[in-house]
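The block underneath contains the structure these notes are about, expressed in structure tokens.
The values are calculated or read from the model by the stated rules, or taken from the named source; none is laboratory data. In this text, all values refer to a predicted model and were calculated from it rather than measured experimentally. Cβ coordinates were reconstructed from backbone atoms using ideal geometry, including for glycine residues, and neighbour counts include every protein chain displayed.
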Amino acid sequence: MIPFSDPDVERAFDKFPPGVRPEMGALRDLIFETAQRVGVQLEESLKWGEPAYACKGGSTVRIDWKEADPEFYRIYFHCQTSLVPTFRELYGKHFHFEGNRAIRFTLNSGPDLCLLGDCVEAALKYHSVKSLPHLGLNRSCSEDPEV
């Protein structure tokens with residue numbers, strides 16, 4: 001796992017139950033790997049008590065697990081963007097969505113990291129892709145033409 005740059009975020013991860021930490025760590029790693037691939041510098045912090053990842057020209061991505069809903073964990077996107085509606089249109093068969101702000105995953109079910117990486121990339125580049133059809137997502141992760 002990539003070292004934490006913010007001790008508050010590290011403490012937040014330490015508070016996740018042992019069965020949740022690997023799932024949350026996988027989301028965090030995906031966000032950092034995607035940022036590196038697209039060439040943006042991430043700032044890691046806590047927003048509303050949740051690990052948050054922001055970069056210049058992008059839209060903040062947050063991740064969390066809630067004790068009140070222990071079977072699920074989520075990745076959050078800014079609800080006043082076209083991010084989640086676009087993801088729902090393109091990847092509705094692959095993910096479960098909550099309103100216009102989150103993709104929800106069941107613990108131990110492992111999301112499609114390739115498609116999710118595309119979602120994260122669109123968020124990290126949001127201000128340069130928001131006017132493109134489907135945010136410039138090319139659906140290259142699947143052989144299925146209806147992805």
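Looking at the stretch 58-78, which of its residues are within 24 Å of L137 (Cβ to Cβ) and either exposed (fewer than 12 other Cβ atoms within 10 Å of the Cβ) or of a type in the set (V, I, T) (or both)? T60, V61, I63, I75, listed by residue number. Taking the conditions (1) surrounded by fewer than 13 Cβ atoms within 10 Å (Cβ to Cβ); (2) in a loop (DSSP other than H, G, I, E, B) in turn, H127 satisfies each one other than (2). If you go through the stretch 83-97 one residue at a time, do you hit one that is under 21 Å from V9 (Cα atoms) and surrounded by fewer than 20 Cβ atoms within 10 Å (Cβ to Cβ)? No, the stretch 83-97 has no match at all. What residue, among those in the stretch 92-115 that are in contact (Cβ under 8 Å) with a residue 40 or more places away in the chain and touching a strand residue (DSSP E or B) at 6+ places or on another chain (Cβ under 9 Å), is farthest from E23 (Cα to Cα)? The qualifying residue farthest from E23 (Cα to Cα) is F105. Here I103 meets the list (1) at pLDDT 95 or above; (2) part of a helix (DSSP H, G or I); (3) among the hydrophobic types (A, V, I, L, M, F, W, C) almost entirely, failing just condition (2).
Could you list, in sequence order, the residues of the stretch 29-53 that are surrounded by fewer than 18 Cβ atoms within 10 Å (Cβ to Cβ), within 19 Å of P7 (Cα to Cα) and of a type in the set (G, A, S)? Those that are surrounded by fewer than 18 Cβ atoms within 10 Å (Cβ to Cβ), within 19 Å of P7 (Cα to Cα) and of a type in the set (G, A, S): S45, G49. Close Cβ contacts (under 8 Å, 6 or more residues apart or on different chains) running from residues in the stretch 1-26 that are under 10 Å from D64 (Cα atoms) to residues that are among the charged types (D, E, K, R) and assigned to a helix (DSSP H, G or I) comprise F13/R21; F13/R28. Note on the stretch 16-50: residues that are in a helix (DSSP H, G or I) and either over 16 Å from R74 (Cβ atoms) or within 14 Å of the chain's Cα centre (by Cα) (or both) amount to 16.
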